[in-house]
Amino acid sequence: MRNDASPSDLETGEPIDALIARRLLALRQAQGLSLAELAERSGVSKAMISKVERAQSSPTAVLLGRLAAGLGVPLAQLLTQDDEGRDTQRLRTRAAQAVWRDPGAGYLRRQVLERGAAGGIELVEVELPRAAQVGYPRWSGKPYRQCLWLLEGELQVDYGEERFRLAPGDCLDFGVDRALVFQALGDGGCRYLLVADQDLRPR
């Protein structure tokens, strides 16, 4: 699998922890939430939220998923520029795409395409190392639809009470209206493409 990422937003060169800190603070303040209110919604302690907002902690994918769910926003909104700071070039080379690596599980997320302010789809490439597992709670905001296309390896997805085992080429249609767990199976990890359309409700 490819591993050509670096821990920064490649559009601006800003360290990824600083970007996450800035976006988390902006999103929380935009909703008028106190640290205590976001802590209650997300299940993340006030102390940890404060550390993330000051770029004093490198959050894991699970932690970011809880914060995003508590805010009712897609995970991408914590990991990418807002619309004003976003590159609007028609062509975005692979080298210019923002990447982030989970400091714990080694999960690698590449933001190929962000959803614009006017709508549209989000396109993300994900690599999970061997035996890695990443879980997300049910979103508190408006549920939306996702499709996962497995490119390499084997992957198990728990979508609420349903369990799916995917082989290369398989495509899974699901939403964020239930808790999700992604687990790499086999010896070599896995790589997949995730397409999210926030204008479509899950089936």
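Every read-out reported here was derived from the displayed coordinates using simple, explicitly stated rules and does not represent laboratory data. As the structure is a computational prediction, the values presented were derived from the model and not from experiment. Neighbour counts run over all protein chains shown; Cβ positions are idealised from the backbone, glycine included.
Quick look at the values:
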quantity	calculated
Sorted peptide list for 108-114, 170-176, criterion being average Cβ within 10 angstrom, highest first	108-114, 170-176
Spin-label pair Ala26/Arg138, simplified geometry with 7 Å Cα→Cβ offset, distance in nm	3.1
Gain in span if fully extended, Glu152 to Glu37, counting 0.36 nm per residue against the direct Cα distance	37.4 nm
Percent RCO, i.e. relative contact order, over the stretch 8-79, from Cα pairs under 8 Å lying at least 6 residues apart	36
Computed E for Ala95/Ser45 - FRET, C-beta separation, R0 30 angstrom, nearest 0.05	0.20
Thr80, Thr93 arranged by Cβ crowding within 10 Å, fewest neighbours leading	Thr93, Thr80
